[in-house]
Amino acid sequence: MLECSLMCRIKTLTSMSELRSSGFGQPAPRHGLRLLYWFVQNCVEVNQETSEISLCIPSTGDLGFRIFHNREERGKGHLLPDSSSLLYYELGNLSVFGAKSLPEYVREKYTGFQDKSNSDRIMVSLESGTFRSIYVTRHESRMNFDPRHTFCVSPELVRSIKKMQREDFLRAAKRRRNPGPRRDTMLHTESELLTALSVPSHQPYSQDLHLHATPHLRLHLHKDSRNISICFSLLVLLTTALLLVHSVKIV
């Protein structure tokens, strides 16, 4: 296998967690994760020597495989390691004729336009029926790919994917949203608050809060006590005003 380190700016993905962190194929309607799963299950076999045997024949153009010329872009160099002896092939352009042979679950979110639903690609190089390298990438613009989001896929990651069911893989590969506050944490905070407010009547209120409340709660309770004082003062003023009005009516 061609060493991914030949191009130092391309990171090698060796695990599901690294694939998830890379953001490849996310979010929908991008099809990269489904494409990668299909490709690994149907086009790659990893032997004991970590050689990745090709089960597909990219040179025929079947399944939408096309030659990727890896031309040098202005000021950016080559997207993939420059190798004059090897051809690169591109897979994943859903607008080309052969891509209609890909399964429905890969193509289902394709809109028919050159948008995010058709931005992801797999790049491979072949030598004597063996994949020398496997890359995943995405379009930066309609014409160019994004070198910052181009990654090499290691044999270890290929092995991991091959062992997984499709839905399990898709769940494991997707970035997780930031979870909301945990219910047990909320209950713990409420418990602290009740404990802080449950104080002996003979001790001053402010002193007891200082002794029992956590630093985080002290700030909030201090603000609450200030608000209570203001509300109490307003209530006293309102009561006094009502009493004065009532006394004037009696007179």
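May I ask you to list the residues in the range 136-176 that are closer than 17 Å to Val106 by Cα and part of a loop (DSSP other than H, G, I, E, B)?
Met164, Gln165, Lys174
Any idea which of Gly25, Gly61 is crowded, with 19+ Cβ neighbours inside 10 Å and closer than 17 Å to Glu90 by Cβ?
Gly25
Return the residue satisfying two criteria in turn: it lies in the range 34-74 and is aliphatic (A, V, I, L, M) and in a loop (DSSP other than H, G, I, E, B), and of such residues it is nearest to the chain's Cα centre (by Cα).
Looking at residues that are aliphatic (A, V, I, L, M) and in a loop (DSSP other than H, G, I, E, B), I get Leu55.
Can you give me the number of residues within the range 79-107 that are free of Cβ contacts under 8 Å to residues at least 60 places away in the same chain and either in a loop (DSSP other than H, G, I, E, B) or surrounded by 16 or more Cβ atoms within 10 Å (Cβ to Cβ) (or both)?
Taking the range 79-107 first, the residues free of Cβ contacts under 8 Å to residues at least 60 places away in the same chain are 82, 84-85, 87-91, 93, 95-101, 104.
Next cut, either in a loop (DSSP other than H, G, I, E, B) or surrounded by 16 or more Cβ atoms within 10 Å (Cβ to Cβ) (or both) only: 82, 84-85, 87-91, 93, 95-96, 99.
Selection size over the range 79-107: 12.
What do you reckon, is Gly32 out of contact with any Pro (no Cβ under 9 Å at 6 or more places or on another chain) and more than 18 Å from Ser133 (Cα to Cα)?
No, not satisfied.
Across the range 75-120, which residue is nearest to the chain's Cα centre (by Cα) among those that are within 18 Å of Arg34 (Cβ to Cβ) and among the aliphatic types (A, V, I, L, M)?
This residue is Val106.
Could you pull out the residue among Asp115, Asp120 that is surrounded by 22 or more Cβ atoms within 10 Å (Cβ to Cβ), in the same structural domain as Gln26 (by TED's automatic domain parsing) and among the charged types (D, E, K, R)? I'd like the intermediate steps shown before the answer.
Numbers: Asp115 fails: surrounded by 22 or more Cβ atoms within 10 Å (Cβ to Cβ).
Exactly one residue qualifies, and that residue is Asp120.
Can you go through Leu157, Leu126, Leu187 and tell me which one is buried (at least 18 other Cβ atoms within 10 Å of the Cβ) and at pLDDT below 95?
Sole residue among the options that is buried (at least 18 other Cβ atoms within 10 Å of the Cβ) and at pLDDT below 95: Leu126.
For the range 136-145, which residues satisfy the criterion of being buried (at least 18 other Cβ atoms within 10 Å of the Cβ) and under 19 Å from the mean Cα position of the chain (by Cα)?
Within the range 136-145, Val136, Thr137, Arg138, His139 qualify.
What number of residues in the range 28-68 are among the polar types (S, T, N, Q), in contact (Cβ under 8 Å) with a residue 24 or more places away in the chain and closer than 14 Å to Val124 by Cβ?
Count: 3.
The values are calculated or read from the model by the stated rules, or taken from the named source; none is laboratory data. Note that the structure is a prediction, hence the values are computed from the model and not measured. Don't worry about glycine lacking a Cβ; one is built from the backbone with ideal geometry, like all the others, and counts go over all protein chains shown.
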